[in-house]
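Read the structure below first, then the notes.
The values are calculated or read from the model by the stated rules, or taken from the named source; none is laboratory data. Owing to the predicted nature of the structure, the values given are computational and were not obtained by experimental measurement. Cβ atoms come from the backbone with ideal geometry, glycine included; neighbour counts cover every protein chain shown. Side chains are part of the model used for accessible areas, which takes the heavy atoms of the whole protein and leaves out ligands, DNA and RNA. Shrake-Rupley method; radii C 1.70, N 1.55, O 1.52, S 1.80 Å.
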Amino acid sequence: MIRFLFLFMMLLAMAQTNHAQTVSKEAVTLKSVASFPLGAALNPKLLNNALYGRIAEREFSSVTAENHLKMHHIHPEQNRYDWSGGDALIAFAQRNGQRLHGHTLLWHQAVPKWVREFQGDSTAWEQLIKEHIQTVVGHYKGRIAAWDVVNEAFEEDGSLRKTIWLEHLGPDYIARCFRYAREADPDVKLFYNDYGQESSPGKLTAMLDMVADFKRRGIPIDGIGLQMHTNIRHPDRQIENTLRQTVNTGLLVHISELDIRINPDKKPDLVPTDALWQQQKQKFASIVRMYKTVVPKEQQHGITIWNIGDGDSWIPNFCKCQDFPLPFDKQYAKKPAYDGILEGLK
Ligand code: G3I
């Protein structure tokens, strides 16, 4: 009888330990272990999916609007602004105590039809961007912590990208956009955001030169966004070097659109293997670890993952191939990549 009682007590103790472990494992989320803001780019339409919303709320402390603050969404006609998508994200972020990062005021790929057809001299074009920037920044004043003011203005070789903005506003338009944004909100953090600095030294140099020039001329700029759409093969040393050089500007550093492709060769019929999942996990871990160790605390604006589940990613559409670049799968189950981020954060 005593032996039976002893066995029963042992089993009870084991069950309690297992329960405690499950509970504490469940309580660990990305944001709970992150020492800097950890964000996700969100699509407000997907928030209707309870799983998507729950992950966005539980795991992340910062939110970027993946698309809904871009000019073609928010300013679809010359005299009409559509705040619905941005306002929905703000409401979500405020409910959950999250920071909202604004993306983006000026991007050549987000030009509404009325702007493409706009006829006017350089003064009219100047008025157009000034009004757009100041209306949007003004609307969200005090509710959006930071803006990507200009997005992707440089080519790989460091020359200015030949966009509609360069054509109508001239080569110093980036500086003027930053000035207009600052006039509309003296407190919001102003970022320049671009992709591929880790693989295009010319673009990295152009961006760093622009920051030095802004500092000399007193143009307001607070941070740099390194988008970091990367893949499992990209050498860590190039990423680390890009981080170090960006840190040297003294500005805030944001890894602003992180995703990691497992199919860099764009095979149309790629079937993921455990080995690929593990490589993706390691790359997430090493990028997060590099950010944590290379970027001083006071310059850490954070890391933002470019959406949540593989089914929400822009990549397959873009590469016309199979790829799975995010930390959750299409059913929103955690992938090894999720554990990689956790590992890097710890
Ligand atoms: O929502 C509509 C849907 O109703 C429609 O049926 C479908 C048909 O194509 O389109 C859907 O909209 C798409 C939208 O993504 C939402 O998925 C747009 O066509 C598509 O152009 C849009 O692509 C976005 C792209 O920027 C262009 O704005 C991607 O989601 C977004 O991830 C991507 O993000 C950019 C960053 O802003 C800047 N850095 C590069 C990054 C990747 O291109």
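Filter segment 173-185 down to the residues that are within 13 Å of Ile219 (Cα to Cα) and either part of a loop (DSSP other than H, G, I, E, B) or touching a residue at least 40 places away in the same chain (Cβ under 8 Å) (or both) and list them by number. Result: Tyr173, Ala175, Arg176, Cys177, Phe178, Arg179, Tyr180, Ala181, Glu183. Residues of segment 308-346 that are touching a Gly at 6+ places or on another chain (Cβ under 6 Å) and not in a loop (DSSP other than H, G, I, E, B): Phe328 alone. Residue count for segment 328-346 under the criterion of being in contact with a Pro (Cβ under 9 Å, 6 or more places away or on another chain) and either within 16 Å of the ligand (Cβ to nearest atom) or under 26 Å from Gln245 (Cβ atoms) (or both): the result is 2. For Pro325, the stated conditions hold: it is in contact with a strand residue (DSSP E or B) (Cβ under 9 Å, 6 or more places away or on another chain) and either in contact (Cβ under 8 Å) with a residue 12 or more places away in the chain or closer than 30 Å to Pro220 by Cα (or both). Suppose we filter segment 72-97 for residues that are open to solvent by less than 50 Å² (accessible area, probe 1.4 Å), in contact with a Phe, Trp or Tyr (Cβ under 7 Å, 6 or more places away or on another chain) and in a loop (DSSP other than H, G, I, E, B); how many remain? Residues that pass the stated criteria total 1.
Okay, residues lined up against (1) in contact with a strand residue (DSSP E or B) (Cβ under 7 Å, 6 or more places away or on another chain); (2) modelled with pLDDT of 95 or more:
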position: Phe8; (1), (2): no, no
position: His19; (1), (2): no, no
position: Thr22; (1), (2): no, no
position: Ala27; (1), (2): no, no
position: Lys31; (1), (2): yes, yes
position: Ile55; (1), (2): yes, yes
position: Arg58; (1), (2): no, yes
position: Glu77; (1), (2): no, yes
position: Ala93; (1), (2): yes, yes
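Within segment 286-307, track down each residue that is outside any strand (DSSP E or B) and either within 16 Å of the ligand (Cβ to nearest atom) or open to solvent by less than 10 Å² (accessible area, probe 1.4 Å) (or both). Correct list: Ile287, Val288, Tyr291, Val295, Trp306, Asn307. If you filter segment 84-118 down to residues that are away from the ligand (no atom under 14 Å from the Cβ), over 18 Å from Val137 (Cα atoms) and polar (S, T, N, Q), you find that the one that is farthest from the chain's Cα centre (by Cα) is Asn96.
Taken over segment 129-159, the residue count meeting the criterion of being touching a residue at least 40 places away in the same chain (Cβ under 8 Å) and either in a helix (DSSP H, G or I) or more than 14 Å from Asp185 (Cα to Cα) (or both) is 20.
Here's the yes/no breakdown for (1) of a type in the set (Lys, Arg); (2) closer than 30 Å to Lys335 by Cβ:
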residue	(1), (2)
Arg176	yes, no
Tyr180	no, no
Lys203	yes, no
Ala206	no, no
Asp209	no, no
Gly225	no, yes
Met228	no, yes
Ile232	no, yes
Glu240	no, yes
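Quick grid of which residues meet (1) open to solvent by less than 10 Å² (accessible area, probe 1.4 Å); (2) in a strand (DSSP E or B):
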| site | (1), (2) |
| --- | --- |
| Pro171 | no, no |
| Phe191 | yes, yes |
| Met210 | no, no |
| Thr246 | yes, no |
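Is it true that some residue in segment 56-71 is away from the ligand (no atom under 15 Å from the Cβ) and open to solvent by 50 Å² or more (accessible area, probe 1.4 Å)? Checking segment 56-71: at least one residue is away from the ligand (no atom under 15 Å from the Cβ) and open to solvent by 50 Å² or more (accessible area, probe 1.4 Å). Per this entry, Leu345 is not counted among residues that are more than 19 Å from Lys31 (Cα to Cα) and either of a type in the set (Phe, Trp, Tyr) or crowded, with 19+ Cβ neighbours inside 10 Å (or both). Of the residues making up segment 312-323, those that are more than 17 Å from the chain's Cα centre (by Cα) and within 16 Å of the ligand (Cβ to nearest atom) are Pro316, Asn317, Phe318, Cys319, Lys320, Cys321, Asp323. Of the residues Ile239, Ile224, Ile255, Ile260, the single one that is within 20 Å of the chain's Cα centre (by Cα), outside any loop (DSSP other than H, G, I, E, B) and without any contact (Cβ under 8 Å) to a residue 40 or more places away in the chain is Ile224.
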